[in-house]
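Right, one structure below, let's go through it.
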Amino acid sequence: MLRNKLVPYVFLFPAILGLLVFKLYPITDALIQSFYAPTFLADVKQFIGLRNYMELLTDSVFWNSVKVTLLLNIVINPLQIALAFLLALLLNRKLKGIGIFRGIHIVPISVSVPIACILWAIMLNPEQGLVNTILVWIGFDPQPFLASKNQALWTIILIATWKGVGYWSIFLLAGLQEISPSLYESASIDGAGKAQQFRNVTFPMLKRTLTFVTVADTVANFLLFAPMYILTRGGPENSTNVLMNESFNLAFVYSDMGKASAIIILLLLMLAVIILLQFKFLKAEH
């Protein structure tokens, strides 16, 4: 009897071990590091308590990173989820050639983030890029895109959206296909139109999937770093310097692992609060 009870835990052990090693240990280590400051001796660290946090709270560069991070997520999360939902609705339709379209929409997912960033950097080159060539051809002025402090963040948002929409639409498509057709038939018999069916059948039945996608998308975008590092290095003029990029700079450019770790802990706390609020407002009804 005891042996049977232990079987599930044996199968769960690799996942639990991975969680401890690759998730909980780095968070714990970052928390400990945030209480120390570097010294002239490479192997010696000075315990300074909460000084790193206090200095960050009076640092204008840190607050600019908070502002950029929040602005990025306020725009990109609803945009990605809305477009992914519309795409999932389209992919769920029984249309001629929909199988081919389902294959094409996977292409951005199959391209790795660094390669996607390099390709977009080439296409958005202010002087010889494909996008500006097209804009000039149809009569518009060439745009600086990533070289402009007013356009860089919005350009990254569009690139990240292009990369992420197809991925999140797969989860929403799976949720749509789990909804029983009999529910729509019953609603139709009761006289419900398409809009009423969406409001009373599709959305309630898809609420669990939407909650997962919303939370996962929020986590992914709060931790978004590669496009900023590859395309702009946080510039121009810190306009794309999100918290993850600022933490990287402090750790590997200025060798201040304490402040870098403090930023990560503050980011995780901010993310935890936002996720709790999302669960509260998006919780599926039983």
(message) Just to verify a number: what accessible area does residue 212 come out at with the full protein assembly present, 1.4 Å probe, Å² rounded to tens?
(response) 100 Å²
(message) Among (1) 67; (2) 53; (3) 50, only one was calculated for this model; which label is it, if the read-out is percent of Cα pairs over 23 Å apart?
(response) (1)
(request) May I ask you to evaluate 6.51 cos²θ - 1.76 cosθ + 1.60, the Karplus curve with θ = phi - 60°, for each residue of segment 122-129 and list the ³J(HN,Hα) values in order in whole Hz, giving x for glycine and proline? (result) 5, 5, 9, 3, x, 9, 10, x
(message) Straight-line reach from residue 45: which aspartates and glutamates fall under 17 Å, measuring Cα to Cα and dropping same-chain residues less than 8 apart?
(response) 29, 256
(message) Give me a comma-separated list of calculated 3J(HN,Hα) values for segment 171-184, in order, Karplus coefficients 6.51, -1.76, 1.60 applied at θ = phi - 60°, integers in Hz, x for any Gly or Pro.
(response) 5, 5, 5, 4, x, 5, 6, 7, 6, 5, x, 4, 5, 5
(request) Could I have the simple spin-label model distance between residue 106 and residue 118, label points 7 Å from Cα toward Cβ, reported in nm to one decimal? (result) 2.4 nm
(request) Step through the residues of segment 111-119 one at a time and calculate ³J(HN,Hα) from phi using the Karplus curve (6.51 cos²θ - 1.76 cosθ + 1.60, θ = phi - 60°), rounding each to whole Hz and writing x for Gly and Pro. (result) 8, 5, 4, x, 5, 4, 5, 5, 4
(request) Rounded to the nearest 0.05, what FRET efficiency do residue 182 and residue 138 give with R0 = 51 Å and r taken as the Cβ-Cβ distance? Could you check? (result) 0.55
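Using the Cα atoms as the points, what is the convex hull volume per residue of segment 127-286 in Å³?
Working: hull volume 26.6 nm³, N = 160.
It is 166 Å³ per residue.
Can you tally the lysine pairs in segment 193-286 where the Cα-Cα distance is under 26 Å and the two residues are eight or more apart, or on different chains?
Working: 194/207; 194/283; 207/280; 207/283.
So the count works out to 4.
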(message) How much accessible area per residue does the chain have, counting only protein heavy atoms and a probe of 1.4 Å, in square angstrom?
(response) 62 Å²
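Using helices alone, I'd like the mean residue ellipticity at 222 nm for the chain: each DSSP H run of four-plus residues gives -39500 (n - 2.57), total over residue count, nearest 500.
On the way: 14 runs with 183 residues, N = 286.
Value at 222 nm, helices only, nearest 500: -20500 deg cm²/dmol.
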(request) Compare 120, 154 by solvent-accessible area with a 1.4 Å probe and give them largest first, with all protein chains kept in place. (result) 154, 120
(message) Check which residues have an amide H placed less than 5 Å from residue 48's amide H, if you skip close sequence neighbours.
(response) 36, 37
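The values are calculated or read from the model by the stated rules, or taken from the named source; none is laboratory data. Keep in mind that what you see is a predicted model, and the values were worked out from it rather than measured. Reconstructed Cβ throughout: ideal geometry from the backbone, glycine too, with neighbour counts over all protein chains shown. Ligands, DNA and RNA are stripped out before the accessible areas are found, and what is left, the full protein with its side chains, is counted by its heavy atoms. Shrake-Rupley method; radii C 1.70, N 1.55, O 1.52, S 1.80 Å.
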